[in-house]
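Below you'll find the structure, written out as structure tokens, and then a few comments.
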Amino acid sequence: MPLLDVQNLTAYYTIKRGSVKAVENVSFSLEEGEAMGLAGESGCGKTTVALSLLGILPVNGKIVRGKILLKDTDITKLSEKELREKIRWNAVSLIFQGAMNAMNPMYSVEDQIVEAIKTHDSSITKKKAKERIAKLFEMVGLEPERARNYPHEYSGGMRQRAMIAMALACNPSILIADEPGTALDVIVQAQVLKLMTELRKRLNLAMIMISHDLSIISETCDKLAIMYAGKLVELGDVLTMFKKPVHPYTQGLIAAFPGIYTPKQEMKALPGSPPNLLNPPKGCRFNPRCPYVMDICKKKTPELKEVSKGHYVACYLAKK
């Protein structure tokens, strides 16, 4: 049994003009200690998947159908109290995008992490919580004394490390990182990503890395899932996905990244724009932009099928 098994996850947002079909029939699994990258354009549903795993969708968001099995527990069936006490932070933890905005500027970093620990473990004393924070800060490469500082007294890299410490405070088995390199320069970004990789191996954490940057995912993850307009279009191990991408959208994403050792060439951009998810196109949602579109693509939605061991593609052109 995998640690996490997501089956046909479908989540919508209700607005005045109708229902935004943000995520539809997304399925994947995650083993203990495994890292999966989740990539795609802005608005494709990556963050909605992450928020669904924690049961923290906005008030206008709702999981319409599907299962999220954490071992043998279906998260979608739990009450708010059960999610707060059993799942959030204790089992699944999230590093939010933009560490500065994720912290309250009115409280010290230590007070915020203490509050998180005590909220999810009421039996622990404040003294014990502070001792845990000191160990966590050492683990992420920060001096324990700096925990008493306020967020504005940290550099960008320090805030990101403090967010990682906060995410690990309740010993979760799954860590979700939503664009952990946002607003960091490339040197600090590399340090943070290296730290996350080391912690994952040291603590045997499963990890979901959400990013636009495929190079980050290739460095940190075992497998890669590509989303487009709320759908999962390709899933497989990182090496296979980069060497033999099958879906035209995945091919376009990889072709848009320059190679360090390849000859200079003009980067290829995908024509058109992502569809409006209030009224997505029939059939394959990528069909208006696909260079290989066929009649069936406009009528029937392709299913995610295995084309080689562990490599799944939702495309009518994909063959074993």
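The values are calculated or read from the model by the stated rules, or taken from the named source; none is laboratory data. Computed from a prediction, not measured in an experiment: that's the story for all the values here. All Cβ positions, even for glycine, are placed from backbone atoms using ideal geometry, and neighbour counts span all protein chains on display.
A few notes on this one:
- Checking each residue in segment 281-300 for being surrounded by fewer than 18 Cβ atoms within 10 Å (Cβ to Cβ) and touching a residue at least 24 places away in the same chain (Cβ under 8 Å) picks out PRO291, TYR292.
- Set side by side, the residues ARG84, ARG88 differ, and just one is basic (Lys, Arg) and either surrounded by fewer than 20 Cβ atoms within 10 Å (Cβ to Cβ) or in contact with an Asp or Glu (Cβ under 8 Å, 6 or more places away or on another chain) (or both), which is ARG84.
- Residues in segment 132-150 that are charged (D, E, K, R) and under 16 Å from MET103 (Cα atoms): ARG146, ARG148.
- Every condition in (1) touching a Lys or Arg at 6+ places or on another chain (Cβ under 9 Å); (2) buried (at least 20 other Cβ atoms within 10 Å of the Cβ) is met by THR10 except one, and the failing one is (2).
- Residue check for ILE217: at pLDDT 95 or above and either touching a Leu at 6+ places or on another chain (Cβ under 8 Å) or not β-branched (Val, Ile, Thr) (or both): no
- Given (1) part of a strand (DSSP E or B); (2) at pLDDT below 95, number of the condition GLY43 does not satisfy: (1)
The rows are residues; the columns are (1) over 20 Å from LEU205 (Cβ atoms); (2) surrounded by 15 or more Cβ atoms within 10 Å (Cβ to Cβ); (3) not β-branched (Val, Ile, Thr).
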{"residue": "ASN104", "(1), (2), (3)": "yes, no, yes"}
{"residue": "ILE113", "(1), (2), (3)": "no, yes, no"}
{"residue": "ALA116", "(1), (2), (3)": "no, yes, yes"}
{"residue": "ARG132", "(1), (2), (3)": "no, yes, yes"}
{"residue": "MET139", "(1), (2), (3)": "no, yes, yes"}
{"residue": "HIS152", "(1), (2), (3)": "yes, no, yes"}
{"residue": "GLY156", "(1), (2), (3)": "yes, yes, yes"}
{"residue": "MET166", "(1), (2), (3)": "no, yes, yes"}
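- Within segment 245-268, the set of residues being assigned to a loop (DSSP other than H, G, I, E, B), within 21 Å of CYS297 (Cβ to Cβ) and without any contact (Cβ under 8 Å) to a residue 40 or more places away in the chain comprises PRO245, LYS268.
- Across segment 39-75, the number of residues qualifying as among the hydroxyl-bearing types (Ser, Thr, Tyr) and crowded, with 16+ Cβ neighbours inside 10 Å comes to 3.
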